[in-house]
Every structure is written in structure tokens, then in C-alpha cells.
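Just below is one structure, and these are the notes that go with it.
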Amino acid sequence: MSATIAAISTAVGESGIGIVRMSGRDSIEIGKSIFKGIRGKEVEASDNRKLVYGHIVDDDKIVDEVLVAFMMEPYTYTRENMVEIYCHGGIIPVKKTLELILSKGAKLAEPGEFTKRAFLNGRLDLTQAEAVIDIIKAKTEVSYDVSLNQLEGSLSREVESIRSILLQMIAHIEVSIDFPEDDIEEVTYEELVENGNLVLDRISKLLATSQRGKILRDGLNTVILGKPNVGKSSLLNAVLRENRAIVTDIPGTTRDVIEEYINIDGIPLKIMDTAGIRETEDLVEKIGVDRAKESLKNADLIIAIFDISRELSNEDYHIIDLIKDKKTVVLLNKTDLPNKYDENYFRDYFKEIEIIFTSMTEGVGIEELENSIRNMFYQGDVKLDSSMIINNLRHKNQLELAKINIESVLNDLNNMVPLDCLEVDLKNCWENLGEITGESITEDILDRIFKEFCIGK
Amino acid sequence: MIETRTYNGGEFDVAVIGAGHAGVEAALAASRMGLRTIMLTISLDGIVALSCNPNIGGTGKGHLVREIDALGGEMALNIDKSFIQSRMLNISKGPAVHSLRVQADKKTYHIEMKQIIENEENLTLRQAEVINIIIEDGRVTGVLTRTGAIYNSKAVVVATGTYLGGMVYIGEVSYQSGPDGMFPSLLLSESLKENGFKLRRMKTGTPARVHKDSIDYSVMEVQPGDDEIVPFSFLNMNKEFKVDQVPCYLTYTTEETHNIIRANLDRSPMFSGYIEGVGPRYCPSIEDKVVRFGDRDKHQVFIEPEGLTTKEMYVQGVSSSLPEEVQIQMYRKIKGLENVQFMRSAYAIEYDSIDPTILKRTLEHKNVKNLFFAGQINGSSGYEEAAAQGLIAGINASQNILGREPFILDRSEAYIGVLIDDLVTKGTDEPYRMMTSRAEYRLTLRQDNADLRLTKRGYEIGLVSEDRYRLTLEKEKSINDELQRLQKIILTPTEDNNKKLMELSSVPLKTAINLYELIRRPEITYDVTEVFDTQRPFLNKEIRLQVETHIKYEGYIKKQMQQIEQFKKLENKMIPEDIIYTNIRGLSNEAVQKLAKIQPDSIGQASRISGVSPADINVLLIHLEQRRRRENNGKNQ
């Protein structure tokens, strides 16, 4: 059986369920390693080709509640061992499940690869072969377009620039090996370590942006806090109106909670606990301090709203207690009414604070809030524009492989491993990045050698 | 052409045109495989002439020589008889790139090889200029010489080197000539063109030869040979070599040298555009170096002896096509060559070659049965590259005649495989030189294990003797036995052991380990661990080296083996010869064109053709499966 491949096989977008599919040698094993049957029930041989209920788990953390079908060869679509996982619809559970599978060693399937395997393994008949070719061509073109679009701009420039450092390293090693008697400066380990660290650093930074890419996919976990009548839902409505945002109902992993998304300039905010924004319910009293703490722990963004037209109440102090020392945007609402206290009062409580005066009824401060969220999202060590965000799982995988390879090179350099050996991982690293940009290999090295080094006796 | 009366010169299985490095290996392989063989050369004095540098081996090239040896070729044995200096290059850079490079005595190299040929049972040696290759019904039937002899033969190997359409350039002077004053082969070029072969021009160059006594060695750096001599041939590994090695010398050009070159560039046929042939980038003329790397104030020059019975010295690094008077002026501005006396001038030579993509991986022409090409005519350069191709062409000519399977080495088996696959799959725009960086699986394709890789293959086709094969098997067994034995020798953290380790500048033990693991430590060699290993059997150096390399680089080698496994999967998916690419739906136009031109044997080879995308490869795979099933259905009915 061939190497294990995996992919999301339902259309990406909103649907009732999403299916993640695996085929190949290790698919059953990988499936078992991430699936926990209900009441700890193990998957058995008798479960072959049956739907089994349980959870997808990452270590012990539940990723999604699912139905899984384990199917043994040869009676499957590809005639290989297969696993199909029926997740909740919507992008998050499905993608998380796929990422988990990939982290266990499966490869992301090429366009049309399941169907190709089905055909090559004799599952489809001859008349279907033409259709297979069409699928491969079409999907290849589409994915090519998609990745090309993504690659325009600074991401591809950055990957190319990292590759250029690697090429320089490889060329210098190769020229030292192949032209030992020529009058060139031999490559040194110090130089390789220095360049290797540069490569590692830049790959790591790109990977760090994949965290931002993840936020783009999954949403920024946002908690809005405030006592009743402070203007939480007015805020939400204001932001919604302003951005004509898409509000989607996505059934989460716990069915009864409805999560809401709002979208600011392409940055999706996932409003974390709907209980908190219901007018009639008091967050602090109703769900208790522990629950509030829990949701705050997972928050990427906290927006706390206070009513500046009323004196601070016990509820307000509760909220301040919960969020002090945390990065928070504080909204002082109802500026259309006479102020009852000074904003400086808050500065004592918060480490980092951004105070914005708003009036929901008059639409004051909404734009400022949006700017502030945008800034928080894009700021960081790396100044990156949005096109540099690694949002594509395939690219992220390649970057991770590249990182492993360059780390291994650095480790080898440290151990004074000879040039011909450490060059294996160095070339792999270069090829990993080449997979992202689709560049070719060998002739580049020779061209570089002849261009930069005066060789030949 | 004037009609010449022809006569029947005799019946042969294989006719080889040319007696250079390619021709000789081809002829020896065929005759040793039991076939009646004739080798035709313009001059018997030109047999394996080292017309350019007096070296055999070097990076990548040394690997080729070892592989030729393991397959039963002659080059390694011949250079072991005739070298006058020996060096192992790259010893600090890892086992895969150690490269043996020696200085040859050119005369001895020629004479020794000539004797081997003269004494070879099935081989006829004949001085004659071949002017036509006779092709009937898409199959070769013999060759015609200028003096009217027709040698009928079932196969022909063309190994014409720089003789074919040879044109020498020295400044404004140019004339038709073979290398080093030999006659060129001009009529054969014409008849090849008449037969529809497309020829293209390539170029190479060589420096001057100067008188030994006109050189001031006191300003030069002496380059002696290694103290320990390692032979090329695996058959000579345990022999004592007593050679009085002669040194080479290193000196440099000066700014004045460069100024003279710059002032006379317009007189160089390369820069004035008279030479249309493409030269190699790794072997540039001094003009090229000065123009392309103008910021350098000096370039290396090596003074190397051409042999023990001559005072001619080879001036490596200063090949040139400038006028003779300019050459002399310019050479005299090189440190230590102020009073140098020229014996032979530097020159550039242009010659005819074919596009090697018209060849199969056996080096047989795709459309003319039993017509083989080897060496520089295929766009390669170098003695070793030529010899390797000659060997493969000779073997496959014989395999064809004997009705046996083609003999193909793939990229994971040998540098020879890389060389030929590159030539016939990608073609080449410049004279192709072997380099270790061209080999994807460098760590497993070492020069030290060429015998372990290839002796069996040579034995299977009848080029390697039973005895030699048995010796290799024994060597393999000794290596494996020792690897297993080392794993069983356990070292405990006793005071005594740890003291010995400290003496070897190695970290003391905390828990017990076996010797195999200990040798993995960078500072520990196989030999030094003898102090822990009282029962160690006597093993010769080659075996100790294999054991040590195996242990130390096991992790990297394993990684490479996995890559090779992947590679083999596609390599073993063969494409039938009668495939018609235009009929395959879904292939891109570019892929159809390229595939039809190259006609790859396997999916693996197809995937290396530029312009053939992964999607095209998928389409091909599906097409092959469709076809297989149709054929199966046909059988079942």
C-alpha cells in the first residue's frame, strides 16, 4: 500500500458536516491514535465499515465530536485502508482534525489523488479513467491558481530570498567539494552556522505568521465584558452595521452554544461567550467568576465596556478585577451623557490599556475601536502585510519540514559533521521551500557556482 | 566525393571508430565479452592520448574511474601502471567526496594501453580513417575506410572525440586538425550529415607545453604527492606501490599577464566571434577568466610534468586561443615563467558532436539499430567521462548482438548512471563534466565502495572474472561480520575504560555501550578502539575503512536509502516503446513534444525532462494503467 494521504473531502465552507478522509498504509493506525470511542471503547475488527461514535482527541483535548468509519482494504474506494471522519460542519473542526492527522505523519493529498489511487488500484473501470484525468488537470490548475495568487507579493519574495541564502550555502559547499584545488575561498563552518541561523530565524518568523493565518481561518477569540445595559449589544450591532459583516451560526463542539462571528477588515472576531452579551443576563453573577476566568484565559482580545454616565458599581469592580493585568480595550460608553468619572481612574488598574470613548447611540468611537483591533492584530516583531500570512496548510507543512531540516543542519554543523553529509538536509530544506514556490533544482546550483566562483584550471 | 574502389576488409561483430578513452573501453569490453571486434583509428600513435591535461581522476572523475574498474574496464589498471604522482583530494570533507587524482606519464599510459589492446584475443587494431557508417533499413551494417575497406559489422561504436570536423584556433590562425597535431576526421562528418545526423559544434582548449629547464621553480610552491599511495584499481588495493613521485608546482599570473590579455582580446577568435562552438564553463580559457572575474589580481597556474621521459611541462590554468606571440608574452609575465621556452602552443579546438538526447540510455541511437555513440561526440568532456561511456556502449553493443537485456545503470547505482542519464535525458549545452554535485545519492555512491556496488553487475555480463567476484563477496562478508561483531562487544564504565577514553579525548562512559556505538563518536575512529578490543581480527585497510564509514554515517546513509527507494518506484515503471504521446488525452503540448523527442524508458526518466510537469506524470501513469488493463482484458478473452 502507498504512503498515507489525507484531505478534507467536503466543500470548504458552511455545511452540516465536514468529512476528513485518509487512505494508505498507516491510515487505520493514525485514525486509532486520534480517536477515542465513547466510554473509552477501543475500535475493534468488527467495527470495519461501521460508523463509530466518539471524539477526535489531541492528546487528551477534545477536538470534535464525530462519527468515524474505519475501512479495511480492499473493499474501499481506493482499495487501500481508509478512514473517514465525519466532523461538525464549518471550517474549524474539520481543519483541526486534518492538521492533527498530518501531524501524525500523513501527507496532504494531491489534487485528485484519492481518485487516482482508486483507478491505479483497479477500483474504477476504464471509462472512468478519462474523468480521473480531467479531475487531476482541473484541480491542479485550480490549486495552482490559488497558490499562485497567494504567492504573489511578499510571501513569495520572502521564500525566494530564504532560498537564495540556502542556494548560496549549497553552492559554496559544492564548489569547495568539486573544485578543491581552485583558488576560491573554501566554505567555513562559521559561515554556514551564521547563514543557517539566518535561515532558521526567517523560516521561524514566517511560521509565526501562520499563527496569524490561523486567526484568519478560525477567528480571533474575543470576549466582550460589561454589566447589563452598558451597551454590549449596541456595540455589536454598531460594528455589524458598520461592516455589513457576515454573521454565521456555527454549531460548535458543544451543541447548545451559538458562536457569533463578526468581521473587521477581514479579521474575523469570534465572540466567545454569547451568554455575556445577552442583555438580560449578568455575566459575573450568572456564570460565575470561574467560568468568566476560563473564557478570559482563551481570549485573544478582551473588550470591556463601562458606562461613564454612571458611577462604577460593584459589578464594574468585579470586571476590573477579572481583567486587570490583561491586554484589554476599555470602552467608556455613553459619552453623549454627562461624565461621572475620569478615565485616568482605569490606568492604575491596567498594565496595558487602550481607552476609547464611545457613544453607541451616536456612533462615536466605533472606527477608533476597529483601528485599535487592526493594530493589535498586525503589530508584532515582524511587520508583515497580509499577503505574507501563511494561510495555506500545504505551505505551512513545507515550512515546518524546512525548519526541521535546517535545525538538523545546524546541529550537524555543531558536531562538525563532514560537508557531504550535512549537505543532505540542506538540500532538503531548499527543496521544501522550492515546493512552495515551485522552482526547480539542480541546474540552479551549477549556474550559481559558475557565476560566482572563478573556477577551472 | 570521388568514387573509391572498395574491398571487403572482413567480418566483425563490433567496429569501434576511434581509439581514445571511449573507443578503447568499448573495444575491450566487446572483445572480452567474446565478440569479434575491430578498432579503427586515424593514428595508432594516438591510442588513449592524453591530449590535454596529464591527470586522471579528480572530483567525480575519480569516482568514474573506480566504477569503470569495478565493471571490468581497463582505465584504472592502466593508470596504476603509469602514474607519477598520486593524491587523495578532499579528505577533510567527508567520505563521499574523497577523490583520487593522479598525474600520468602520458607516454607510458599510451604504451601500456596499446600493449593490452594488441594482446587482446578477439580484438583487431587497425590504423584507418573511417569515412562512412553504412546503415541499411535502420540498422548499421559496417564502416567504410578512406582506403576502400568495408568492415562488415553487426554493431558500430562511434567515439571520434575532437577529431570529428576538428578545427584548431590560435589567434587569427585556424586550420583543420585533430588534437595535438593529429589528422582530423573530416569526411565522416560530411557523410554523417548526408545521412541526416544533426551535428553541432563544441569547443575546448588546452594550454602551452613549455621546456622544463626554462622555469624558475624557486618562486613557486611545490606540490608533492601523498606519502601513502592509494591505487585506482580494486585489484591493486593490497599491493605495494614503489613510485618515485614527481612534484607539481603552483604559481600565479600577474596584473601584467592580465593587461596583455586585455590589450589583445580583439585577436582572440572567441571574443571576435570566429568560434561558434560552446566551451565548458568549468574549464575556461585564461581570457575568459580575466574578462569574467576582472577584479582578481591573479589566477592560479600549475606546472605539471607530462612524463618522466620528456622535458615538456603542462601549464595548467592558462589555456588560450590568443595568437602565439601574445601567448608567449603573456606566459612570460607569469611568476617564474619570465624566460619560458614554448614547445607546443596553446590552442582552442572546435569539433562536431551530436545532441545526446537522440540516444537511449544504452547509448544506442534511438532509430538506428546497433549504432552507438560514446565520449566527446555526445557532448561530454574529459577522459574519464569518455571511458565510462565507451564501456557502456561496448557492453550494450555486445548485449544486443548476444540477444541479451540492455545494460543500464541508474542514478542511484553509479556516477556512470548519472552521467548517461543527464546526457540522454536533459542534453547538454556545454561540454559535460562529471561533478559530485550532479549525483543526488552522493553518500551511497562513494569511490571507496564502487566495487561493492558494481562488481556483481560486471560479473553478470561476463566482464568480471569469477575470482574477482568471489573476492568482492568475501570482502562484503568480512565487513558485515565485523559490523555484527562490534555490536556484541560491550564496554562497561570501568575506571580502566574511562581512563583510556580520556586519553582519546573522549567523554567517559556512564552506562555500558557497545563498540559499534562508541565508533559513532566524532573523535573516535575504528582503529583507536583496538585498545578495548583484544580479540580483534586482522582486517585490511579497505575493510576497516568500510566498517568505519558504515557506522559513522549510518544515519545519513539511511536517509539516502529511503530517497533511493522512492526514486526506484518511478524508475521501475517502464514506458513501452510504442507509446504515442499525441494520442494521450490530458498531456500538455510541451510535454507531448518533449516526451516524443526524448522517448524516456521509465516514468522516472520522464519526470526529469524539463517541461514535463507532475500533472503530466499523473496523466502518464493513468494512461499506462489503462493500457495494462486493456492488454489484460485482451488476454482474458
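The values are calculated or read from the model by the stated rules, or taken from the named source; none is laboratory data. Keep in mind that this is a model prediction, so the values were computed, not measured. Virtual Cβ from ideal backbone geometry, glycine too; neighbours counted across all protein chains shown.
Quick notes on this structure:
- Hits in region B:112-124 - residues which are part of a strand (DSSP E or B) and crowded, with 20+ Cβ neighbours inside 10 Å: B:L123
- Inter-residue pairs, beta-carbon under 8 Å, first within 11 Å of chain B (Cβ to nearest Cβ) and in contact (Cβ under 8 Å) with a residue 40 or more places away in the chain and in region A:404-421, second surrounded by 19 or more Cβ atoms within 10 Å (Cβ to Cβ) and polar (S, T, N, Q), 6+ apart: A:L419/A:S176; A:D420/B:T436
- Residue match in region B:313-325 (condition: more than 12 Å from chain A (Cβ to nearest Cβ), more than 30 Å from the chain's Cα centre (by Cα) and farther than 30 Å from B:I377 by Cα): yes
- When B:T425 is tested against the conditions (1) among the hydroxyl-bearing types (S, T, Y); (2) without any contact (Cβ under 8 Å) to a residue 24 or more places away in the chain; (3) in the same structural domain as B:H98 (by TED's automatic domain parsing), the lone failure is (2).
- A single member of A:I353, A:I373 is modelled with pLDDT under 80, surrounded by 15 or more Cβ atoms within 10 Å (Cβ to Cβ) and in contact with a Phe, Trp or Tyr (Cβ under 7 Å, 6 or more places away or on another chain), and it is A:I353.
- From B:A104, B:A96, residue being out of contact with any strand residue (DSSP E or B) (no Cβ under 7 Å at 6 or more places or on another chain) and crowded, with 24+ Cβ neighbours inside 10 Å: B:A96
- Unique match (being under 30 Å from A:D59 (Cα atoms) and either within 12 Å of another protein chain (Cβ to nearest Cβ) or modelled with pLDDT under 80 (or both)) among A:G122, A:G89, A:G105: A:G89
- Residue in region B:552-573 that is part of a helix (DSSP H, G or I), of a type in the set (G, A, S), without any contact (Cβ under 8 Å) to a residue 40 or more places away in the chain and away from chain A (no Cβ under 14 Å) present: no
- Spans of helices (runs of 4 or more DSSP H) in region B:182-298 with at least 3 residues modelled with pLDDT of 90 or more and assigned by TED's automatic domain parsing to the domain that holds B:A128: B:187-194
- Single residue of B:T59, B:T37 found to be in contact with a strand residue (DSSP E or B) (Cβ under 6 Å, 6 or more places away or on another chain) and either on the phi > 0 side of the Ramachandran plot or more than 14 Å from chain A (Cβ to nearest Cβ) (or both): B:T37
- Top-ranked residue in region B:142-177 [being among the small types (G, A, S) and out of contact with any strand residue (DSSP E or B) (no Cβ under 7 Å at 6 or more places or on another chain); ranked as modelled with the lowest pLDDT]: B:G171
To keep it simple, each residue is scored yes or no on (1) of a type in the set (A, V, I, L, M, F, W, C); (2) under 24 Å from B:Q389 (Cβ atoms); (3) in contact with a helix residue (DSSP H, G or I) (Cβ under 9 Å, 6 or more places away or on another chain).
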| position | (1), (2), (3) |
| --- | --- |
| B:R101 | no, yes, yes |
| B:D105 | no, no, yes |
| B:I134 | yes, yes, no |
| B:V140 | yes, yes, no |
| B:A159 | yes, yes, yes |
| B:Y175 | no, no, no |
| B:F183 | yes, yes, yes |
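- Checked against (1) farther than 19 Å from B:F83 by Cα; (2) of a type in the set (S, T, N, Q); (3) within 14 Å of chain A (Cβ to nearest Cβ), B:N264 meets all criteria but (3).
Residues checked against (1) outside any helix (DSSP H, G or I); (2) modelled with pLDDT under 90; (3) farther than 21 Å from A:L413 by Cβ; (4) not assigned by TED's automatic domain parsing to the domain that holds A:E435:
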{"site": "A:S147", "(1), (2), (3), (4)": "no, yes, yes, yes"}
{"site": "A:E158", "(1), (2), (3), (4)": "no, yes, yes, no"}
{"site": "A:I170", "(1), (2), (3), (4)": "no, no, no, no"}
{"site": "A:I184", "(1), (2), (3), (4)": "yes, yes, no, no"}
{"site": "A:E190", "(1), (2), (3), (4)": "no, no, no, no"}
{"site": "A:V193", "(1), (2), (3), (4)": "no, no, no, no"}
{"site": "A:R202", "(1), (2), (3), (4)": "no, no, no, no"}
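- Top-ranked residue of region B:139-170 - restricted to ones that are touching a Ser or Thr at 6+ places or on another chain (Cβ under 7 Å) and in a loop (DSSP other than H, G, I, E, B), ranked as nearest to B:K369 (Cα to Cα): B:T160
- Residue-level analysis places B:I543 among those that are away from chain A (no Cβ under 14 Å) and part of a helix (DSSP H, G or I).
- Residues in region A:422-444 that are modelled with pLDDT under 90, under 19 Å from B:S610 (Cβ atoms) and within 24 Å of the chain's Cα centre (by Cα) were compared, and the one that is farthest from the other protein chains (Cβ to nearest Cβ) is A:T437.
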